[in-house]
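To start, the structure itself, in C-alpha cells.
Read-outs: derived from the displayed coordinates by stated rules, not from any lab. Note that the structure is a prediction, hence the values are computed from the model and not measured. Don't worry about glycine lacking a Cβ; one is built from the backbone with ideal geometry, like all the others, and counts go over all protein chains shown.
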Amino acid sequence: MLEGFNFRIILEYMPLYMQCFAATLWLSGVSLLGAVLVGIIACAMRLSQSRLMRSIAGVYIETIRSTPLLAQLYFFYFGLPSMGIMLPEWVTGVIALVLNSGAYYAEIIRAGIQAIAFGQIEAGIASGLSYFQRMRHIILPQALGNTIRPMLGQAIILVKDSSLLSLISIMELTRAGQVLTSERFTPAEGFLTTAAFYLIIYYLLKAFSGWSEKRLIFREAH
Amino acid sequence: MWGFYFNELMRSLPFFLKGLWMTVAVSSLSLILGTIIGFFGGILRAGRNKPARMIVGAWVDLIRGTPFLVQIFVIFFILPGIGIELEAFSAAVIALTNLTASFITEIVASGILAVPKGQREAATASGLSHYQQLRFIVLPQAIRSILPPLVGQYVLLVKDSSVVSAIGVVDITRVGWLTVQRIPEGLMVFGLVGLLYFAICYPLINLSGFLERRMTVVSTKL
C-alpha cells in the first residue's frame, strides 16, 4: 500500500519535528495552565451568590460551548487587528485555546464540586473548621478525586485542538507535516509522522489517567 | 466605516446561508453514517469476541489520539496517493463519519456494559438467543444511558465540521474566512459565523441536558 514510504525524508526532517513537538508541548502546556485558571474563576462566578456574576459566567460558557474552536480562533485572529490590537500569532492562538478550554474546565470543576454531598460540608462546619480548612481538607481533595479523569480528558482534547493553530501559521506539529508535504510532496511521510507524535502524547496522558485512578491521593474520596 | 461594512456583510448573507447549508449537509450525512457504524462498533466492543474487541479498541485509540485536522489531511492527501481519488466533500464526509463513529462506539459500548449482568443471565435462562438478548433486553435498557451523550456527540460533530474548511469545503467557517478577505471587520464577520453555529448547537446542547434529566428520572423510578 505504501511501498514508496521514505524513512530517509522523515529522518532528514527530524530536527524540524522535534522543534515542532516542543512547540506543541509548550503551547498546550501554557494553554492548559491558563485554561484551568480561567475554569476555576468561571466556576467560582457560576456558583457565586451574585446574579450578575452567574449570568456573565453562564453567557461565557454557553457561547464557547456552542461555537467551534476554529471560528473562535479566526474571531480573535481577524478580529483583534480590526480593533487595533496587534499580537503575535502564538499569543492569539493561546488566548483562543485558553478561553475555549476554560469554559469546559469550568463545567468539569463545577460537576466535581457539586458531586460532594452537602452533609460533608455541614459536618465540617459542625466540627468548627474554617472556610479554608473545609476547602483544603474536605472539598478540594474530594473534588480532585472526582475531576482528575475528566480534567486529563480535556487536556488530551486541548493538545489535539492545538493542531488548529497551524491554520494561523504557527509552527507546531501539524504545521511540520504541512511543511514536509509542500517541500517534498510526500503527504504520507509528513502527516503520518505528525500523527505518531500526537499518539505519543495521547498514550502518555492516557496512562497517567489510568495510574492516577489507582493512586491513594486521588482516591481519598472513594 | 462600520456601517458600510455592515451593509456589505448583509449583502453577502445569501453566501453565508449557502455555507450554513453545506455545514448542515456534511454534518447530517456523517451523523447518520457515523451513528450506524458506531452502534455496530459498540456492540463489537462490548461483545464476547476478543480479537474484534481489540481491533475496535485500537481503532478508537488511533482516532482519539490524533487531531481531527491531521486525520482529514491524511484522508484528503494520502488516499489519492494509493489510487483513491476524492473530492473535498467526500473526504470531509469520510473523515467526519470516521471520527463520529469512533466516539459513538465508546458511548454505545459503555451503555451496553452498564446494563446489570443479571439481566443477561435471566435472558439466557429464558432461552433467548444472543441476538434476541441484544435486541429485546440489553439495547432497550442501554439506550437510556446512550441517548444523552449521543446528542452531545452530535454537537461536537457540528463543531468539528468547521475543520473541513481547511481542505476547501465551503462551509460556514470557510465562508467567513473568504468574506473577511473582502470585509476586514473580523469581529463582525466571525461574530456572524459564531451566531450561525450557535443557532444549531445551542438547541442541541439543551436537548442533551433535557434527555439527561429525563432519562435519569425514568431509570430511578424503575
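Can you give the relative contact order of chain A as a percent, counting alpha carbon pairs under 8 Å and 6+ residues apart?
Working: 229 pairs, mean separation 60.4, N = 222.
In percent, rounded to a whole number, it is 27.
What is the distance, in nm, between label points placed 7 Å from the Cα along the Cα-to-Cβ direction at A:A207 and at A:L140?
Inter-label distance under the simple model: 3.0 nm.
For A:V30 and A:S127 in one chain, what is 0.36 nm times their gap in residues minus the Cα-Cα distance, to one decimal in nm?
Values: separation 97, 0.36 × 97 = 34.92 nm, distance 3.95 nm.
Length gained between A:V30 and A:S127: 31.0 nm.
Among A:F21, B:F103, B:F73, rank each residue by its count of other Cβ atoms within 10 Å, from fewest to most, as a rough exposure measure. Intermediate results must be reported in sequence, preceding the final value.
Numbers: A:F21 18, B:F103 22, B:F73 26.
The order, fewest Cβ neighbours first, is A:F21, B:F103, B:F73.
If we count GluC sites (Glu not before Pro) as exposed when they sit in a DSSP loop and have at most 11 other beta carbons within 10 Å, what is the longest stretch of chain B that avoids them all?
On the way: sites that count: B:E85, B:E87.
That would be B:88-222.
Count neighbours as other Cβ atoms within 10 Å of each site's Cβ, and list the trypsin sites (Lys or Arg not before Pro) in region A:90-159 that are DSSP loop with at most 11 such neighbours. Let's see the in-between values first.
On the way: sites: A:R110, A:R134, A:R136; in loops: none.
In loop regions of region A:90-159 (DSSP not H, G, I, E or B), there are no sparsely surrounded trypsin sites (Lys or Arg not before Pro).
If you rank A:V179, A:V59, B:V175 by fewest surrounding Cβ atoms within 10 Å, what's the result?
On the way: A:V179 17, A:V59 10, B:V175 24.
Ordered from fewest to most neighbouring Cβ atoms within 10 Å, A:V179, A:V59, B:V175 come out as A:V59, A:V179, B:V175.
Express the relative contact order of chain B as a whole percentage, based on alpha carbon pairs under 8 Å and six or more residues apart in sequence. List each step's numbers first, then the result.
On the way: 227 pairs, mean separation 64.0, N = 222.
About 29 percent, as a whole number.
So between B:T124 and B:W2, what do we pick up on full extension, going 0.36 nm a residue minus the alpha carbon distance? List each step's numbers first, then the result.
On the way: separation 122, 0.36 × 122 = 43.92 nm, distance 7.04 nm.
Extending this stretch completely gives an extra 36.9 nm.
Would you mind getting me the FRET efficiency between A:V59 and A:F185? Use the beta-carbon distance for r and R0 = 60 Å, nearest 0.05.
On the way: r = 47 Å, r/R0 = 0.78.
Rounded to the nearest 0.05, the efficiency is 0.80.
Run the quick spin-label model on B:K18 and B:K117: label points 7 Å from Cα toward the beta carbon, then report their separation in nm to one decimal.
Reported label-point gap for B:K18 and B:K117 is 5.9 nm.
In which sequence would B:R53, A:R8 go, from the one with the fewest C-beta neighbours within 10 Å to the one with the most?
The order, fewest Cβ neighbours first, is A:R8, B:R53.
Sticking with the crude label model, points 7 Å out along Cα→Cβ, report the distance from A:R149 to B:F210 in nm, one decimal please.
According to this spin-label approximation, the distance is 2.9 nm.
How many angstrom separate the Cα center of region A:17-71 from the Cα center of region A:119-141?
What the calculation gives is 28 Å, centre to centre.
Setting aside same-chain residues fewer than 8 positions from B:K18, which lysines have a Cα under 18 Å from its Cα?
B:K159
How much net charge surrounds B:L134 when only other residues with a Cβ under 12 Å from its Cβ are counted (Lys, Arg +1; Asp, Glu -1)? Spell out each step's value before the answer.
On the way: positive: B:R48, B:R120, B:R135; negative: none.
Combined, the nearby Lys, Arg, Asp and Glu give +3.
Can you tell me how chain A classifies by the Cα gyration tensor, rounded, prolate or oblate, using a/c under 1.5 as the rounded cut? It would help to have the intermediate numbers written out before the result.
Numbers: a/c = 3.37, a/b = 1.69, b/c = 1.99.
Since a/c reaches 1.5 but b/c is at least a/b, the shape of chain A is classed as oblate.
Based solely on C-alpha atoms, express the radius of gyration and the Dmax of chain B in angstrom.
That works out to 21.2, 77 Å for Rg and Dmax.
Could you give the longest part of chain A that holds none of the GluC sites (Glu not before Pro) found in DSSP loops with at most 15 neighbouring Cβ atoms within 10 Å? Display every interim value, and only then the final one.
Numbers: sites that count: A:E3, A:E220.
Longest run free of exposed loop sites: A:4-219.
As a test of the formula, what do you get for the protein assembly as shown when each DSSP H run with n ≥ 4 contributes -39,500 (n - 2.57) and the sum is divided by the residue count, at 222 nm and rounded to the nearest 500 deg cm²/dmol? It would help to have the intermediate numbers written out before the result.
Working: 20 runs with 342 residues, N = 444.
Calculated mean residue ellipticity at 222 nm is -26000 deg cm²/dmol.
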